[in-house]
Amino acid sequence: MNISSANFVCSAPDLASCPDESLPEFAFIGRSNVGKSSLLNTLAGVERLARVSPTPGFTKLINFYAMGKTWRLVDLPGYGYAEGSRKHVSQFNRAAANYIKRRPNLCCVFLLIDSGLEPQPIDLEFVQWLASHALPFVIVFTKTDRGTPEQIQSNIAAFKAGIAVWFEQLPEIYQCSSETGHGRTELLAVISKIVDAGPALSEPAPPTVPFPPEIEPPFRMQIRAGNVREKDPLAKKKLKGARPW
C-alpha cells in the first residue's frame, strides 16, 4: 500500500464530534506507553504526524488522520494510566468506548500489546470486551526490538494461551517495531485488503464461551494523591465462570 499523503483531520471529544463517515477507518488502541504514537507515525511514513509524548496517557481525544483520500487512521486514547482529573479521564474513555461500539465505518481495531511484558490483566480484559461485542480486531505486539527474542516469544505465547479459551480460532496476530520498521508492510497489507474489499466485512467468529450482556471496557482508573492506579473493571460485576488469568 502506497500512502500518497498523511494529514491531520481533527480531534473529537465524543462520537458526535467525529468527522463524516465517508471513509473507512482503522483505530489503534492499547495500554498507555505501548508505543502507539510511534507506530502510527511509522505506518503513515510521517515522523511527527502523531505526537510522541513521554507522559503516559497523553492522548485524551479521538484523533483522525486522512491517509490520502482512501482511508483514515484513528488514534484512540490509551487505557491503563493517564494524568489528569477523574472527570477528564472518564470523559475521554467513554468517548473511546462509544466510538468503538457505534462508529459504522470503523473497519478494524488494532489492539497494541507490549511484547516486553507478561500478559497484563487489563489487556486480557480488553480482548474479552472486544470479543464479547463481536468487534473486528487484530492484535499487534509492539517493541519487538527490545528484550531478548526468547522472552518476547514467551510473552506472546503466554498471551495467546490466556485468550485461547474465548475463541475457536485466535484473532490475527502481528509483531512490529517502530524503531526498525518491522511489521509495517504486514499491517498496511491488512488495511489494504479491507479497503480493497469494500464496505462488506465478514463477521468475526463468535466466542466459544458465553459472555455477560455487557462488560465494561477496562478504561476507568482511580486517581489518588496525584497517583493513578488501574481500577479493576470487574470490581462491581464479576464474570461468570473461571477466568484464565
If you stretched the chain out fully between LEU135 and LYS69, how much longer would it get, using 0.36 nm times the residue separation minus the C-alpha to C-alpha distance? 21.3 nm
Which of ASP196, ASP145, ASP75 comes first, and how do the rest follow, when ranked by fewest Cβ neighbours within 10 Å? ASP196, ASP145, ASP75
Give the calculated FRET efficiency between HIS182 and ALA16 to the nearest 0.05, with a Förster radius of 41 Å applied to their Cβ-Cβ distance. 0.60
Using the number of other C-beta atoms within 10 angstrom as an exposure proxy, rank SER177, SER22, SER5 with the fewest first. SER22, SER5, SER177
Return the subset of LYS69/LYS101; LYS69/LYS143; LYS36/LYS69; LYS60/LYS193 for which the Cα-Cα distance in this structure is over 26 Å, preserving the input order. LYS69/LYS143; LYS60/LYS193
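Could you tell me whether region 17-198 comes out rounded, prolate or oblate from its Cα gyration tensor? Rule is a ≥ b ≥ c as square roots of the eigenvalues, rounded for a/c under 1.5, then prolate if a/b exceeds b/c, otherwise oblate.
Details: a/c = 1.24, a/b = 1.17, b/c = 1.06.
Judged from the Cα gyration tensor, region 17-198 comes out rounded (a/c under 1.5).
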Can you bin region 1-48 into rounded, prolate or oblate? Criterion: square roots of the alpha carbon gyration tensor eigenvalues sorted a ≥ b ≥ c, rounded for a/c under 1.5, prolate for a/b above b/c, oblate for the rest. oblate
Could you list which residues have their amide H under 5 Å from that of ALA6, counting only those 5 or more apart in sequence or on another chain, with H placed in the peptide plane? GLY68
How large is ³J(HN,Hα) for each residue in region 106-113, as worked out from phi by the Karplus curve 6.51 cos²θ - 1.76 cosθ + 1.60 (θ = phi - 60°), to whole Hz, x for Gly and Pro? 6, 8, 6, 9, 9, 8, 9, 10
Would you pull out the residues with amide H under 5 Å of ASP145's amide H, same chain only if 5 or more places away, H placed 1.01 Å from N? none
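Hey, fewest Cβ within 10 Å first, where do ILE100, ILE62, ILE3 land in order? Display every interim value, and only then the final one.
Values: ILE100 22, ILE62 26, ILE3 16.
If I rank by nearby Cβ atoms, fewest first, I get ILE3, ILE100, ILE62.
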A correct Karplus calculation of ³J(HN,Hα) over region 166-177, with 6.51 cos²θ - 1.76 cosθ + 1.60, θ = phi - 60°, whole Hz and x for Gly and Pro, returns 8, 9, 6, 9, 4, x, 4, 10, 10, 10, 8, 9
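Read-outs: derived from the displayed coordinates by stated rules, not from any lab. The structure presented is a predicted model; accordingly, all values stated were derived computationally and were not measured. Cβ sites come from the backbone with ideal geometry, for glycine too, and all protein chains shown count toward neighbours.
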